[in-house]
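Accompanying notes for the structure given below.
Read-outs throughout are calculated quantities, based only on the coordinates presented, and are distinct from any laboratory measurement. Keep in mind it's a predicted model, so treat the numbers as computed, not measured. Here the Cβ positions follow ideal geometry from the backbone for every residue, glycine too, while neighbour counts run over all protein chains shown.
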Amino acid sequence: MVILRPTPESLDTDVLIIGAGPAGLMAALTLSRLGIRVKLLDRRVPGETAGQADGIQPRTMEIWESLGIGAELKAVGSHIHRSVMYVPNDDGSGIKEASQTLTLPLDCTPHPYTLCVASSMTEGMLIRALAERGVIIDQPFVPKSMQIVKTEDDARVSYVEVTVAGLHEDYLRINGVRQADRGKLIDIPEAVKAGHVIRAKYVLGCDGARSWVRKAVGIALEGETTDLVWGVVEFTPETNFPTMRASNVIASPLSGGILHVPRENDTARVYIRLRRDPNTVAEGETQGSASQDSQEKIIESIEKAFLPYTMRLTNVTWCNEYKVGRRVASAFSSANCVFLLGDAVRTHSPMAGQGANGAMADACNLAWKLAYVLQGRANPDILDTYEAERRAHAMELMKFDRDIFEAFRPGVFTADAYINVRDQKVMFMSGVGVKCESRLTVPDRERVAPGLRIGERVPWAGITRHSDWTPSNLLDLMAYNGHFKLIILPGDIRDPLVAHLFSAFSWKLVESLRKDVIKFLDIFTVLDVPKETSCEGLHLPPAFRITENVYADEDGRGQAQQNGRLYESLNVRPDRGAAIVVRPDGITAMVTGVRAEYVDGIVKYLDAL
């Protein structure tokens, strides 16, 4: 609903975030780091968990590191490097090992593994990081109504009014009210302790698959329901199974397809295909639990699947059955001021291992764009690129999820079938190869750097800081600080012509860019020279002479000198070099040559935001 009102003197917050799962927490953290006021609401009581997402993929680890919070996550999680495939043994009485492989056969990331850690631990780390910035979650709160308000003096200016209600924790506990049912309490006086209106420039719906925000703005989920029923159990194993700390893909002649994932503190999660009528099972239920009878049958099937090894499931902390709704929202935003993230915008199987990863990637994609608009550094239509870029990801995720499910279909499933799907989609699955395509990504039509993948994250490439020979990496330069980055590869500056072209390029760029643009542009130079080479003869403006920002194309992690990896991998032409524009979210946006005539293209790009 859109209404007209006078322009208010002030708003309560810049961005109201409804839902404090991975999407909401990451959105709050990234926005607050960029100087944006946020307010974060959640229907849970402090300490309650919501979803069960626990698989962190390589790109998500890189994002956490760009925020300076990756070390703790890496320390507490279970690192899964090894995958083992099991097939029926010769007499069909159990299973036998068939092959082994890397879980993620990648050489383009510092984290070539899946990290498994309980969602409660992941959320706890984000909550602590927010608290350090003075951001506290208001909970338990539920939204009652939402209106998009156009101002009377300028209909192009809008904000959102959301009426919310605080709930009594004692009422929720005594009455055992499920999280999904708490929105129904708004008209029960004894359940509600406070109600007020929040006015925000933007609202982010991060409130899960049954999103209140999505329904409030009339956006539908479109897609299909699968006909396969799955069981999932989290437990502590007592077993003689030999590969418990690996990821195991099992084709059991007794129980069908099994996927086993090791978790922190020697716990595990197992997915199992169930022989159940899909019409008797709820779609996409990730918070509840199966009935006692169903739990016993699921556990019995899992223990049987590991024969001839013994597998006893103890301390079962979660057991459920579900069928998957594979759906994508018909729109990712409403009126360019209400946006949907995470499960609110797409639903799929937890087996794809993408839920929390996609949600946090949504937040990082949108946050810097919102900040730029709120701070007057970009036009509001930049927000259209959120849907353009993330819808493409959602549609590819639906296909990946479908392929995983088909690989586990009875009569078709083999361990090799699952591995084949994984190998074909490993770049997407890891997040490293996810591509953004919109007006913010400019194709390299002149093939300045044919090896650079425009629209993907900056490549992982070892470099050495010139001033003190400290080993580093391009990814280390990608701090999520709201700044664009310009990575200049001028070539071999010992060649007088190269040095001259680099100097002319740098001076024209500094003279052409507005001061407010340069303020939010981090400039890095990677020279195609040994680290011992002197740079004293270069005539460059101050912005290009920051000592900490000059590197040599040399991997300094080992004793042997290894030159030329970055230039070679990107196929950079030595006669014109390459200047790579990188967005604040670490996505490569465009590339030009390092010559004065290319400066106008960079200036035009940054001015058109």
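Results, tabulated for the structure shown:
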| quantity | calculated |
| --- | --- |
| Principal-axis tilt of helix 292-305 within the chain, Cα atoms, nearest 10 degrees | 70 |
| Least to most buried among Cys535, Cys436 (fewest other Cβ within 10 Å first) | Cys535, Cys436 |
| P(r) tail fraction, region 462-607 - alpha-carbon pairs more than 24 Å apart, % | 25 |
| Centroid-to-centroid separation of region 579-598 and region 387-440 [C-alpha atoms, Å] | 29 |
| Cβ-derived FRET efficiency at R0 30 Å, Thr547 paired with Val76, nearest 0.05 | 0.25 |
| Proportion of all alpha-carbon pairs of the chain beyond 30 Å (%) | 57 |
| Normalised per residue, the volume of the convex hull around the Cα set of region 148-279 (Å³) | 230 |
| Volume per residue of the C-alpha convex hull in region 41-153, rounded to whole Å³ | 229 |
| Distance cut-off 21 Å, percentage of C-alpha pairs in region 411-514 lying past it | 59 |
| Summed residue charge, Cβ within 13 Å of Val177's Cβ, Lys/Arg positive, Asp/Glu negative | +1 |
| Test item: Cα-centred dipole of the chain, Lys/Arg +1 and Asp/Glu -1 on Cβ, debye | 740 |
| Dipole axis of region 462-607 (+1 Lys, Arg; -1 Asp, Glu on Cβ), positive-most option in Gly482, Ala579, Tyr567 | Gly482 |
| The chain: antiparallel DSSP beta bridges as a percent of all, rounded to 5 | 70 |
| Charge context of Val550, other residues only, Cβ under 13 angstrom, K/R +1, D/E -1 | -4 |
| Contact order normalised by residue count of the chain, Cα under 8 Å, 6+ apart, percent | 15 |
| Loop-located GluC sites (Glu not before Pro) in region 417-492, at most 16 other Cβ atoms within 10 Å (DSSP) | Glu437, Glu446 |
| Among Ile80, Cys108, Leu126 the positive-end extreme of the charge dipole of the chain (Cβ point charges) | Leu126 |
| Ranking of Ile63, Ile36, Ile127 by count of other Cβ atoms within 10 Å, fewest first | Ile127, Ile36, Ile63 |
| Charge dipole magnitude, Cβ of K and R +1, D and E -1 - region 462-607, Cα centre, debye nearest 20 | 320 |
| Set Lys144/Lys193; Lys150/Lys201; Lys96/Lys297; Lys144/Lys215; Lys485/Lys519 screened for pairs whose C-alpha atoms are more than 18 Å apart | Lys96/Lys297 |
| Cα-based helix-to-principal-axis angle, 119-132 vs the chain, degrees rounded to 10 | 40 |
| Cut-off 14 Å between beta-carbons: net charge of the residues surrounding Pro105, Lys and Arg +1, Asp and Glu -1 | +1 |
| For region 462-607: relative contact order, % (alpha-carbon pairs under 8 angstrom, 6 or more apart) | 36 |
